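A.B. asks: The structure's right below; bear with me while I get my questions together.
The values are calculated or read from the model by the stated rules, or taken from the named source; none is laboratory data. Everything numeric in this text was worked out from a predicted model, so none of it was measured. Here the Cβ is made from the backbone with ideal geometry for all residues, glycine too, and neighbour counts use every protein chain on show. Heavy atoms of the whole protein, side chains included, go into the accessibility calculation; ligands, DNA and RNA do not. Shrake-Rupley method; radii C 1.70, N 1.55, O 1.52, S 1.80 Å.
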Amino acid sequence: MTARIGVVTFPGSLDDRDTQRAIRVAGAEPVALWHKDKDLKQVDAVVLCGGFSYGDYLRAGAIARFSPVMDTVIDQAKAGLPVLGICNGFQILTEAHLLPGGMLGNDHLHFICRDQKLRVENADTSWTSDYAAGQEIHIPLKNMDGRYVADRRTLDELEAEGRVAFRYLDFNPNGSLNDIAGITNAAGNVVGLMPHPEHAVESLIGTGRTDGLPFFTSILKKLVNA
Amino acid sequence: MARVVVDVMLKPEILDPQGQAVQRALPRLGFEGISDVRQGKRFELEVDGPVDEAALARIHDLAESFLANTVIEDFTVKVESEDVVAGAAK
């Protein structure tokens, strides 16, 4: 028996199919979840994927955060359900206050799409245990609103508690404070990041490496061994 | 019917690159003497029924939970008088 990992589709989601594929490549079973449906179909974990849910109207993730499916995701995440937010999913997690801080437009005001070098800073979360702390990876980045901001106290807290999970290396693509590319909650079950690991799970496409695959094998191992 | 206006601005300590881009364009357009521009959002809510304390409290909650993200933004709630609303419509 393998783990069942849900992928939520909102109106405007783009990467739900790629995310399902990445889950399958890792050896788990992807389960499609629908934004209007409160039922999580008894999945063992949830991924909020990239895209432009509700056209990014109001703020990126602000409307998706109030969708029926998120009522259940928020409740269960607080109870320990592993949740990964990628790009728009990260924005939704900050809007839902499952992760601290907020996301704003890139400081250079342009959409950006590039292969991005990251350092894995925290390999103890549900979604990063198959990495080594300090490991450097290349995965695609593509976003308009990727600038992570938080007040000084929150930043200090994140740094002190080792909750900066990923940091941009060599180049900060969006003006994120402290070069933050991704963070985790204190319990380590909720992780969000701007770059796209689901686009780097097969050598044929993406960065030509499989640097994103450990996200999905990490959670699979955790769930199967649980 | 009355109009309630909710203004939402980025917190002062947060960088506003859009506002900066507008400010940098001003000298090219012949506007001098404007040292800073910050860009925000304005929501105009047409309220059915009286804008009493209870209605304002509900709008305040709406602004705090949805129209603004108070992690990164501040907001104000103002009632526009019906005269002002009528005048603005002319």
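A.B. asks: Of all the residues that make up region A:10-45, how many are over 13 Å from A:L220 (Cβ atoms), touching a Ser or Thr at 6+ places or on another chain (Cβ under 9 Å) and among the hydrophobic types (A, V, I, L, M, F, W, C)?
C.D. replies: Total meeting the criteria: 5.
A.B. asks: Hey, another quick one. If I ask for residues that are part of a strand (DSSP E or B) and either closer than 30 Å to B:F66 by Cβ or within 15 Å of the chain's Cα centre (by Cα) (or both), which ones from region A:120-142 would you list?
C.D. replies: Those that are part of a strand (DSSP E or B) and either closer than 30 Å to B:F66 by Cβ or within 15 Å of the chain's Cα centre (by Cα) (or both): A:V120, A:I139, A:P140, A:L141, A:K142.
A.B. asks: I would also like to ask the following. Kindly indicate whether any position in region A:158-172 is open to solvent by 10 Å² or more (accessible area, probe 1.4 Å) and on the phi > 0 side of the Ramachandran plot.
C.D. replies: There is at least one residue in region A:158-172 that is open to solvent by 10 Å² or more (accessible area, probe 1.4 Å) and on the phi > 0 side of the Ramachandran plot.
A.B. asks: Identify all residues within region B:1-20 that are away from chain A (no Cβ under 14 Å) and aliphatic (A, V, I, L, M); write none if there are none.
C.D. replies: B:M1, B:A2, B:V4, B:V5
A.B. asks: Right, here's the next one. So, of the residues in region B:1-20 that are more than 17 Å from the chain's Cα centre (by Cα) and open to solvent by 70 Å² or more (accessible area, probe 1.4 Å), which turns out to be farthest from A:G101 (Cα to Cα)?
C.D. replies: In this case the residue turns out to be B:M1.
A.B. asks: Do we have B:D61 as more than 18 Å from A:D107 (Cβ to Cβ), within 14 Å of another protein chain (Cβ to nearest Cβ) and either within 13 Å of the chain's Cα centre (by Cα) or hydrophobic (A, V, I, L, M, F, W, C) (or both) here?
C.D. replies: no
A.B. asks: Please count how many residues of region B:30-50 are under 18 Å from the mean Cα position of the chain (by Cα), in a loop (DSSP other than H, G, I, E, B) and surrounded by 10 or more Cβ atoms within 10 Å (Cβ to Cβ).
C.D. replies: Final tally of qualifying residues: 4.
A.B. asks: Give A:R17, A:R21 a once-over and let me know the one that is under 20 Å from A:D211 (Cα atoms) and without any contact (Cβ under 8 Å) to a residue 12 or more places away in the chain.
C.D. replies: Matching residue, one of A:R17, A:R21: A:R17.
A.B. asks: Note down all Cβ pairs under 8 Å where the first residue falls in region B:1-29 and is in contact (Cβ under 8 Å) with a residue 60 or more places away in the chain and assigned to a loop (DSSP other than H, G, I, E, B), the second is open to solvent by less than 30 Å² (accessible area, probe 1.4 Å) and of a type in the set (A, V, I, L, M), and they're at least six residues apart or on different chains.
C.D. replies: Once the first residue is in contact (Cβ under 8 Å) with a residue 60 or more places away in the chain and assigned to a loop (DSSP other than H, G, I, E, B) and sits in region B:1-29, its partners that are open to solvent by less than 30 Å² (accessible area, probe 1.4 Å) and of a type in the set (A, V, I, L, M) give B:M1/B:V47; B:M1/B:V85; B:K11/B:I72.
A.B. asks: Out of everything in region A:121-146 that is free of Cβ contacts under 8 Å to residues at least 60 places away in the same chain and open to solvent by 10 Å² or more (accessible area, probe 1.4 Å), what residue ends up being farthest from the other protein chains (Cβ to nearest Cβ)?
C.D. replies: Checking each candidate, the answer is A:A132.
A.B. asks: Scan region A:48-65 and tell me whether some residue there is at positive phi, part of a loop (DSSP other than H, G, I, E, B) and aliphatic (A, V, I, L, M).
C.D. replies: yes
A.B. asks: Given the criterion open to solvent by 50 Å² or more (accessible area, probe 1.4 Å), within 29 Å of A:L177 (Cα to Cα), modelled with pLDDT of 95 or more and under 15 Å from the mean Cα position of the chain (by Cα), identify the matching residue among A:F66, A:F90, A:F52.
C.D. replies: A:F52
A.B. asks: Applying the selection to region B:21-43, what residues are over 15 Å from A:G102 (Cβ atoms) and facing chain A (nearest Cβ under 9 Å)?
C.D. replies: B:A21
A.B. asks: May I pose another question? Going by the structure shown, is B:L67 out of contact with any strand residue (DSSP E or B) (no Cβ under 6 Å at 6 or more places or on another chain), within 12 Å of chain A (Cβ to nearest Cβ) and surrounded by 14 or more Cβ atoms within 10 Å (Cβ to Cβ)?
C.D. replies: No, not satisfied.
A.B. asks: So A:Q42 fits all but one of (1) over 15 Å from A:G6 (Cβ atoms); (2) more than 14 Å from every other protein chain (Cβ to nearest Cβ); (3) open to solvent by 30 Å² or more (accessible area, probe 1.4 Å); what number is the exception?
C.D. replies: Only one criterion in (1) over 15 Å from A:G6 (Cβ atoms); (2) more than 14 Å from every other protein chain (Cβ to nearest Cβ); (3) open to solvent by 30 Å² or more (accessible area, probe 1.4 Å) is unmet by A:Q42, namely (1).
A.B. asks: Among the residues of region A:77-98, is there at least one that is free of Cβ contacts under 8 Å to residues at least 12 places away in the same chain and more than 14 Å from chain B (Cβ to nearest Cβ)?
C.D. replies: Yes, region A:77-98 contains at least one residue that is free of Cβ contacts under 8 Å to residues at least 12 places away in the same chain and more than 14 Å from chain B (Cβ to nearest Cβ).
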